[in-house]
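Asks: This structure is in structure tokens; I'll ask about it shortly.
The values are calculated or read from the model by the stated rules, or taken from the named source; none is laboratory data. Just so we're clear, the structure is a prediction, and the values are computed from it rather than from any experiment. Virtual Cβ from ideal backbone geometry, glycine too; neighbours counted across all protein chains shown.
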Amino acid sequence: MKILLMGHPNVGKSAVFNRLTGANITESNYPGTTVDYTVGYTFIEGQEYEIIDVPGTFSTEPKDEAEQVALDILADNEDATVISVLDATKVERGLYLSLEIMEKGFPVILALNMWDDAEKRNIHIDLTHLREILKVPVIPTVAISGKGISELARGVTRAEEVDVEELKRRVESL
């Protein structure tokens, strides 16, 4: 079982990775590139998972080598669950990538990381409404402190593929 940590650069994917794996890592270069990615392992509800900290990308349309590697890793792991890590202070920006990943048929969990920063900036995110619209687990996290990481791990077992056509209808109705 595999988990891919995906998201924009600098949203805390590596901090989430370290919390989930206890920093039990192996760093590798993607074949034919100089771009690094990190692999680690964890157990969730008795099941071992390989976790890949994917290089940051803004969309599924690569603009540089790191983004191409991110998409190659996604393509090479069709059976993976994706934890889409978003900056909770910029949720709209991160949702575009998450929706693209869902369109590709991957089970997705949203980690709204840096939740404490969003609270400090008085940014209110209606988690219930977001969960209802997307039909995926949406977990607020503060990876540097570990807040929400246990719930995020449990969310992996609840992730399912989304009916993309139904999702598009729900999003268009907003």
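Asks: I'd like to know if the stretch 92-100 contains one or more residues that are within 23 Å of residue 117 (Cα to Cα), within 14 Å of the chain's Cα centre (by Cα) and hydrophobic (A, V, I, L, M, F, W, C). Before the answer, list the steps.
Replies: In the first step, residues of the stretch 92-100 are kept if they are within 23 Å of residue 117 (Cα to Cα); the result is 92-98.
Filter once more, so that each one left must be within 14 Å of the chain's Cα centre (by Cα): 93-98.
Imposing the further condition that a residue be hydrophobic (A, V, I, L, M, F, W, C) reduces the set to 95, 97.
Within the stretch 92-100, one or more residues are within 23 Å of residue 117 (Cα to Cα), within 14 Å of the chain's Cα centre (by Cα) and hydrophobic (A, V, I, L, M, F, W, C).
Asks: Starting from the stretch 155-170, take each residue that is within 19 Å of residue 4 (Cβ to Cβ) and list its partners that are loosely packed, with under 14 Cβ neighbours inside 10 Å and among the hydroxyl-bearing types (Ser, Thr, Tyr), counting only C-beta distances under 9 angstrom and pairs at least six apart or across chains.
Replies: Matching pairs, first to second residue: none at all.
Asks: Output yes when any residue across the stretch 158-170 is touching a strand residue (DSSP E or B) at 6+ places or on another chain (Cβ under 6 Å) and either of a type outside the set (D, E, K, R) or farther than 26 Å from residue 36 by Cβ (or both), and no when none is.
Replies: Yes: the stretch 158-170 contains one or more residues that are touching a strand residue (DSSP E or B) at 6+ places or on another chain (Cβ under 6 Å) and either of a type outside the set (D, E, K, R) or farther than 26 Å from residue 36 by Cβ (or both).
Asks: Would you tally the residues in the stretch 101-115 being out of contact with any strand residue (DSSP E or B) (no Cβ under 6 Å at 6 or more places or on another chain) and under 11 Å from residue 7 (Cα atoms)? Spell out the reasoning first.
Replies: Residues of the stretch 101-115 that are out of contact with any strand residue (DSSP E or B) (no Cβ under 6 Å at 6 or more places or on another chain), as a first pass: 103-105.
Going one step further and asking which of them are under 11 Å from residue 7 (Cα atoms), we end up with none.
Going through the stretch 101-115 one residue at a time, the tally reaches 0.
Asks: For the condition at pLDDT below 95 and in a helix (DSSP H, G or I), what is the one hit in 144, 133?
Replies: 133
Asks: Mind listing whichever residues of the stretch 101-118 are modelled with pLDDT under 95, part of a helix (DSSP H, G or I) and more than 12 Å from the chain's Cα centre (by Cα)?
Replies: The one that is modelled with pLDDT under 95, part of a helix (DSSP H, G or I) and more than 12 Å from the chain's Cα centre (by Cα): 103.
Asks: If residue 112 satisfies all but one of (1) surrounded by fewer than 22 Cβ atoms within 10 Å (Cβ to Cβ); (2) free of Cβ contacts under 8 Å to residues at least 60 places away in the same chain, what's the number of the condition it fails?
Replies: Just one mismatch for residue 112, condition (1).
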